[in-house]
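The values are calculated or read from the model by the stated rules, or taken from the named source; none is laboratory data. Quick caveat, the model's predicted, so the values are computed rather than measured. Neighbour counts run over all protein chains shown; Cβ positions are idealised from the backbone, glycine included.
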């Protein structure tokens, strides 16, 4: 190199080093650009070009890369050969860096524009489309060329000729967001959420619109709205139904994640469970809690996904209720219990009815085995006290002569109470209600006033019932039932008590009817004893089933000796065939009497005329005979 300007020192080199040949110009050209640099020199030289320009990188003495613009002038001699190269090398690194940044930004912008899942549109202030990403025209069904020819009104019909006004609004607010519908090429619409803002595009003010297709969100919103309506309806149905739905954790005490509002039926607000204030196991009766846990564990270990169980719970007021729970077990991939869900239904009344029917059946069997009125009263009182929430009571019988009610049996009441409430008069207001057939359900202190009873205050009776007992239309008894723990007797319990009252009336009627039958039987026995005529009863074979004392006395036989013997054997031997024929005609209905003597034990004959009539004796058809001795006549 013959000459190098002094400012070559900006690159860290000395001009003298080039002039002395210590450094060649090619030595500072970047190795990656050296081949292209040499090619430029050679190709331009061979073609006889006098001036050319190249851009390439060089290395400073410290190894830094700089971009340069090399403007070379080739000087040729008289023979046409190259004599010198004159060159002006300018540092263009800042320009190159700026160009590279611009190119990167452009690539980045283009990449962002086309990689966006949203519709991106750039318009000038007058509504001319300047740019759009691929998503914009493919989503609306156009080619790029077709799309860039559209006007704003072709895309969003609500614009019309008002785009300039919209630009003014955007300029004032800098950015606006709105929902609209974009028109597709096939004339269908897609809902979008658009955001419009003012930007600088290629040195000019432009409007950038970024629109998001919200078709899916709109559909989800519609489905969600429908689901919410359905959910509200279901919630309303569940809340007004007796079925409680729950979702709980399998952890200790079963903390509740969800429970329907109708848990308030047991006196608990749903929020008390979901907040963690109450766990589900907290309301299970202490005597049933272990059984409920064991049932869950057993069904899980046996591989069951759902099961039923009945147990007791305690309401917020302390009342005991029976529930039926259907539990579903949801397990994770490892087979561990992830959560429990299911339903709980109050079955107290159903269970009480079932228990009541069982008790009534057992009591009915016991009642059938006794005719003792006091025992029957005790058994029916015990049956009544099986009905929740009753725990005490007594039965009064109406005195036939005075009409007063006198206590006959009691349970669960102190001796002092029984003494004070041993009876009450027929003229009191309560008695009149009972005679009219109206059961009375009230607090005991109210009923006590109606019958003017001075019972011990320490008895502390609360809910009470007085039920009238009728037998064959007659007012015969009163059943008083009470509770020391409850303030009210449910409708189900009332129906059960009234059924027992009817049963008691029937039993009293049965006992009285039996007593009357026994009296009638006794009266007949006395009548038969007093009759001097012969009375005997035989079956259709002629065997004696009954004989009165007069018949036995005159024939000198005991009752046992006559029983089962044939009546023909008590006639003379020489007239047995005649007697048999006459008895056969009586059975056939041809006659109803015969005149044949009876033979006594001693062999003497008693002449009598015997009249027969058909009848029934202890469930079988018989012939009833009345014989009158001719001597007696």
Worksheet item: Which one of these is surrounded by 12 or more Cβ atoms within 10 Å (Cβ to Cβ), in contact (Cβ under 8 Å) with a residue 24 or more places away in the chain and touching a helix residue (DSSP H, G or I) at 6+ places or on another chain (Cβ under 6 Å): 610, 600?
Response: 600
Item to complete: With a cut-off of at least 3 residues that are over 21 Å from residue 521 (Cβ atoms), name the strands (runs of 3 or more DSSP E) lying wholly within segment 531-633.
Response: 593-595, 608-617, 620-629
Worksheet entry | Given (1) on the phi > 0 side of the Ramachandran plot; (2) touching a strand residue (DSSP E or B) at 6+ places or on another chain (Cβ under 8 Å), index of the condition residue 203 fails | (2)
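Criterion first (in contact with a strand residue (DSSP E or B) (Cβ under 6 Å, 6 or more places away or on another chain) and in the same structural domain as residue 331 (by TED's automatic domain parsing)) does residue 294 satisfy it?
Values: in contact with a strand residue (DSSP E or B) (Cβ under 6 Å, 6 or more places away or on another chain): no; in the same structural domain as residue 331 (by TED's automatic domain parsing): yes.
Here the answer is no, as residue 294 does not meet what is asked.
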Worksheet entry | Cross-chain or 6+ apart pairs with Cβ under 6 Å, segment 568-583 first and in the same structural domain as residue 601 (by TED's automatic domain parsing), then surrounded by 20 or more Cβ atoms within 10 Å (Cβ to Cβ) and in a helix (DSSP H, G or I) | 568/579; 571/579
Discussion item. List the residue pairs whose Cβ atoms are under 8 Å apart, where the first residue sits in segment 482-493 and is assigned by TED's automatic domain parsing to the domain that holds residue 395 and over 20 Å from residue 455 (Cα atoms), the second is in a helix (DSSP H, G or I) and modelled with pLDDT under 90, and the two are 6 or more positions apart or on different chains.
Written reply: 489/497; 490/349; 492/349; 492/352; 492/353; 493/352
Worksheet item: Just to be sure, is residue 62 closer than 29 Å to residue 100 by Cα, assigned to a loop (DSSP other than H, G, I, E, B) and either touching a strand residue (DSSP E or B) at 6+ places or on another chain (Cβ under 6 Å) or modelled with pLDDT of 90 or more (or both)?
Response: yes
Worksheet item: Which one of the conditions (1) within 60 Å of the chain's Cα centre (by Cα); (2) surrounded by fewer than 16 Cβ atoms within 10 Å (Cβ to Cβ) does residue 510 fail to meet, given that it meets all the rest?
Response: (2)
Discussion item. Anything in segment 238-277 that is out of contact with any helix residue (DSSP H, G or I) (no Cβ under 6 Å at 6 or more places or on another chain), surrounded by 11 or more Cβ atoms within 10 Å (Cβ to Cβ) and modelled with pLDDT under 80? List them, or say none.
Written reply: 238, 241
Worksheet item: Among the residues of segment 161-185, which ones are more than 56 Å from the chain's Cα centre (by Cα) and free of Cβ contacts under 8 Å to residues at least 24 places away in the same chain?
Response: 161, 162, 165, 168, 172
Worksheet item: When residues of segment 399-442 are filtered for being out of contact with any helix residue (DSSP H, G or I) (no Cβ under 6 Å at 6 or more places or on another chain), in a helix (DSSP H, G or I) and modelled with pLDDT under 85, how many remain?
Response: 5
Worksheet item: Are any of the residues in segment 446-462 within 30 Å of residue 401 (Cβ to Cβ), at pLDDT 85 or above and surrounded by 15 or more Cβ atoms within 10 Å (Cβ to Cβ)?
Response: no
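Mind checking which residues of segment 140-149 are closer than 14 Å to residue 187 by Cα and crowded, with 19+ Cβ neighbours inside 10 Å?
140, 142
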Item to complete: Would you check if there is a residue in segment 91-108 being within 60 Å of the chain's Cα centre (by Cα) and at pLDDT below 90?
Response: yes
Discussion item. Being part of a loop (DSSP other than H, G, I, E, B), out of contact with any strand residue (DSSP E or B) (no Cβ under 6 Å at 6 or more places or on another chain) and in the same structural domain as residue 387 (by TED's automatic domain parsing): is that true of residue 455 here?
Written reply: yes
Worksheet item: Pick from 389, 468: which is surrounded by 15 or more Cβ atoms within 10 Å (Cβ to Cβ), in contact with a helix residue (DSSP H, G or I) (Cβ under 9 Å, 6 or more places away or on another chain), in the same structural domain as residue 494 (by TED's automatic domain parsing) and over 17 Å from residue 507 (Cβ atoms)?
Response: 389
Worksheet entry | Sole residue being touching a helix residue (DSSP H, G or I) at 6+ places or on another chain (Cβ under 8 Å) and either surrounded by fewer than 18 Cβ atoms within 10 Å (Cβ to Cβ) or on the phi < 0 side of the Ramachandran plot (or both), chosen from 482, 530, 522 | 482
Worksheet item: Are any residues in segment 392-417 closer than 26 Å to residue 474 by Cβ and surrounded by fewer than 18 Cβ atoms within 10 Å (Cβ to Cβ), and if so, which ones?
Response: 399, 400, 401, 402, 403, 404, 406, 408, 411
Practice prompt. Just need a number here: residues in segment 314-334 that are in contact with a strand residue (DSSP E or B) (Cβ under 9 Å, 6 or more places away or on another chain) and either part of a strand (DSSP E or B) or surrounded by 13 or more Cβ atoms within 10 Å (Cβ to Cβ) (or both).
Written response: 14
Worksheet item: Can you name the residue in segment 121-139 that is more than 22 Å from residue 164 (Cα to Cα) and free of Cβ contacts under 8 Å to residues at least 24 places away in the same chain and is also surrounded by the fewest Cβ atoms within 10 Å (Cβ to Cβ) among such residues?
Response: 138
Discussion item. Exactly one of these conditions fails for residue 288: (1) touching a residue at least 12 places away in the same chain (Cβ under 8 Å); (2) surrounded by 15 or more Cβ atoms within 10 Å (Cβ to Cβ); (3) within 20 Å of the chain's Cα centre (by Cα); (4) outside any loop (DSSP other than H, G, I, E, B). Give me its number.
Written reply: (3)
